[in-house]
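Every number in this text was worked out from the coordinates using simple rules, so none of it is lab data. Note that the structure is a prediction, hence the values are computed from the model and not measured. As a convention, Cβ positions derive from the backbone with ideal geometry for all residues, glycine included, and neighbour counts pool all protein chains shown.
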Amino acid sequence: MIEHQVRTRKSAEDFPYEEHLAYKIAKVAVDPVEVPQETKDMIINRIIDNASVAVASVSRGPVTSARVIAQAHPQPVNAEGKSCNAGQGAEIFGVDGKYSAEWAAFANGTAVRELDYHDTFLAAEYSHPGDNIPPILAVAQHKGLDGKALLRGLATGYEIQVNLVKGMSLHEWKIDHVAHLGPSAAAGIGTMLDLDVDTIYQAIGQALHTTTATRQSRKGLISSWKASAPAFAGKMAIEAVDRAMRGEGAPAPIWEGEDGFIAWMLHSPERTYTIPLPAEGEEKRAILDTYTKEHSAEYQSQAPIDLARRMRETIKERGLELADVASIVLHTSHHTHYVIGTGANDPQKMDPKATRETLDHSIMYIFAVALEDGGWHHVDSYAPERAGRPETVELWHKISTIEDPEWTRRYHSTDPEEKAFGAKAVITFKDGTVIEDEMAVADAHPLGERPFGREQYIKKFRTLAKGIVAEEEQDRFLAAAENVEQLTDLSELNVRVTEDALAKAPKTPGGIF
């Protein structure tokens with residue numbers, strides 16, 4: 001890997017085009033290096049993972065709205081019923097038909113993100129790099145590309161987003177993490193379409209410029225836009241590539257400009273960021289640093305859910321009752337404390353009537369329910385009647401978080417053996433009894449008690465698809481996904497749900513489209 005120093009440059013400064021971060025990313029995108037087998041295998045896992053959570057969310061409101069909007073943009077066909085512009089059109093999860101690629105990407109991206117249940121990578125910034133799959137796959141379907149091209153594009157998408165996340169914090173300055181997704185998706189599409197460096201450079205710049213937003217989408221009363229934000233970034237990435245291919249340019253240098261991203265969206269013109277990128281000829285393996293979720297909750301909740309499950313058994317073995325808890329303190333990292341803990345100072349995180357999206361970002365609520373139930377369910381654990389149980393509310397409101405410098409250090413560690421996203425829980429009972437336990441990584445983490453492999457990804461898909469996708473359709477999709485490198489028709493990676501499942505979707509009010 002090459003570590004690139006990236007900082008603001010004055011307009012009058014001699015700053016050659018080839019030194020721009022967008023150009024260096026574009027150079028990685030055009031590198032014809034082969035995709036290593038481990039990377040291919042993990043991409044297949046994540047294609048399965050995305051499909052799992054997409055079908056599980058198919059009847060939810062935000063996903064339904066996004067799907068209906070996308071279906072209002074069918075791929076144009078000629079008199080013979082064939083797609084115009086030499087394109088095939090893209091698929092929308094759950095349904096038949098061919099649709100405009102950018103709108104299919106928006107619908108599918110919303111479906112993937114809605115349950116907050118797919119892959120994650122945490123470093124200087126947060127990310128769900130699986131968000132790259134919907135836009136890159138939609139373009140591949142639209143252009144009639146094959147599985148080999150798709151694998152190359154996705155390897156780039158993951159590589160760029162993960163490395164931006166390693167080197168550049170956005171949340172520190174209240175910028176939403178999808179600002180790293182627009183450039184990564186644009187780069188991945190560029191790889192897949194075999195575009196030249198200059199075109200990809202312009203697309204990356206446009207994608208960053210149009211996908212920068214504040215973190216208010218994940219603060220306070222969190223709305224359904226939380227699911228749509230990465231989908232919108234993917235849609236913008238597709239449009240950015242399309243414009244760049246037509247010769248249209250982008251603001252430049254997009255990161256380093258005197259009035260650019262670093263100078264005004266992040267810290268200040270004085271800050272220098274170190275972005276690692278593969279050297280020419282170096283394999284793209286960043287996806288192997290990422291991890292998926294066993295539980296449908298914000299990633300920093302994964303280990304605490306497993307910890308609560310374990311501590312529940314300890315409490316039972318010692319003959320104690322949750323009704324007798326006086327307080328619970330979670331000692332954890334800066335990120336966990338300030339984003340999903342009491343350090344956020346969001347009263348909504350303690351509100352039984354809060355939205356699902358808000359409860360998903362309340363470690364206090366999540367730990368209380370996991371401690372009571374001994375597990376987590378992607379629907380039942382968020383149900384209004386579940387959140388409103390008096391005994392749950394009472395326990396929930398006894399939970400607080402504090403930042404522990406050691407957990408923060410481990411969160412930012414570059415050593416995978418000590419990098420951690422967990423917490424220590426101190427449960428104090430009214431009689432003075434104290435139970436303590438801690439967990440560094442979730443059970444499903446590569447270093448956890450039960451790491452996810454292909455078998456677990458398939459099990460997750462079948463569990464979430466049960467009653468939504470017919471068994472023969474499950475079998476067909478899984479066979480296609482596992483054979484992606486040999487596919488010549490990428491529509492096989494779409495999953496059709498049953499009519500009964502679609503019938504459960506809410507009716508949406510009419511809009512413009």
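One table, with the values for the structure above:
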| item | result |
| --- | --- |
| Rounded FRET efficiency, nearest 0.05, which uses the C-beta distance separating residue 96 from residue 280 and R0 of 51 Å | 0.75 |
| Amide H partners (placed H, <5 Å) of residue 326, local residues excluded | 428, 429, 430 |
| Residue-span extension gain [residue 148 to residue 466] - 0.36 nm each, minus C-alpha spacing | 111.5 nm |
| Filtered trypsin sites (Lys or Arg not before Pro), the range 324-390: DSSP coil and at most 14 other beta carbons within 10 Å | 353 |
| Theoretical gain in end-to-end length, residue 393 to residue 196 [0.36 nm per residue, Cα-Cα removed] | 65.3 nm |
| Cα-based helix-to-principal-axis angle, 61-71 vs the chain, degrees rounded to 10 | 10 degrees |
| Cβ crowding within 10 Å averaged over residues, with 490-502, 361-373 ranked highest first | 361-373, 490-502 |
| FRET efficiency estimate (nearest 0.05) - Cβ-Cβ, residue 353 to residue 500, R0 30 angstrom | 0.50 |
| Rounded to the nearest 20 debye, dipole of the range 2-289 from Cβ charges on Lys, Arg, Asp, Glu | 940 debye |
| Residue-span extension gain [residue 418 to residue 473] - 0.36 nm each, minus C-alpha spacing | 15.7 nm |
| 0 to 90° range, to nearest 10: angle between helix 363-373 axis and the chain longest Cα axis | 60 degrees |
| Over the range 2-289, relative contact order from alpha-carbon pairs under 8 Å, at least 6 apart, % | 29 percent |
| Options 322, 393, 375, ranked by Cα towards positive dipole end of the range 299-439, top entry (Cβ charges) | 393 |
| Cβ-Cβ FRET estimate between residue 435 and residue 338, R0 fixed at 30 Å, reported to 0.05 | 0.70 |
| Degrees between helix 21-30 axis and first principal axis of the chain (Cα, 0 to 90, nearest 10) | 70 degrees |
| Lys/Arg +1, Asp/Glu -1 at C-beta; the range 2-289 dipole; positive extreme among 182, 72, 136 | 72 |
| Computed [θ] at 222 nm, helices only, for the chain once each DSSP H run of length n ≥ 4 contributes -39500 (n - 2.57) | -13000 deg cm²/dmol |
| Rough spin-label spacing in nm, given labels placed 7 Å along Cα→Cβ, for residue 223 and residue 486 | 4.8 nm |
| Sorted peptide list for 48-56, 395-403, criterion being average Cβ within 10 angstrom, highest first | 48-56, 395-403 |
| Summed residue charge, Cβ within 12 Å of residue 257's Cβ, Lys/Arg positive, Asp/Glu negative | -1 |
| Square roots of five times the Cα gyration tensor eigenvalues for the range 167-326, Å | 40, 19, 16 |
| Relative contact order %, the chain, counting alpha carbon pairs below 8 Å whose residues are six or more apart | 21 percent |
| Dipole in debye (nearest 20) - the chain, about Cα centre, beta carbon charges: Lys, Arg +1; Asp, Glu -1 | 1160 debye |
| Within-14-Å neighbourhood charge of residue 329 [Cβ basis; K, R +1; D, E -1] | -3 |
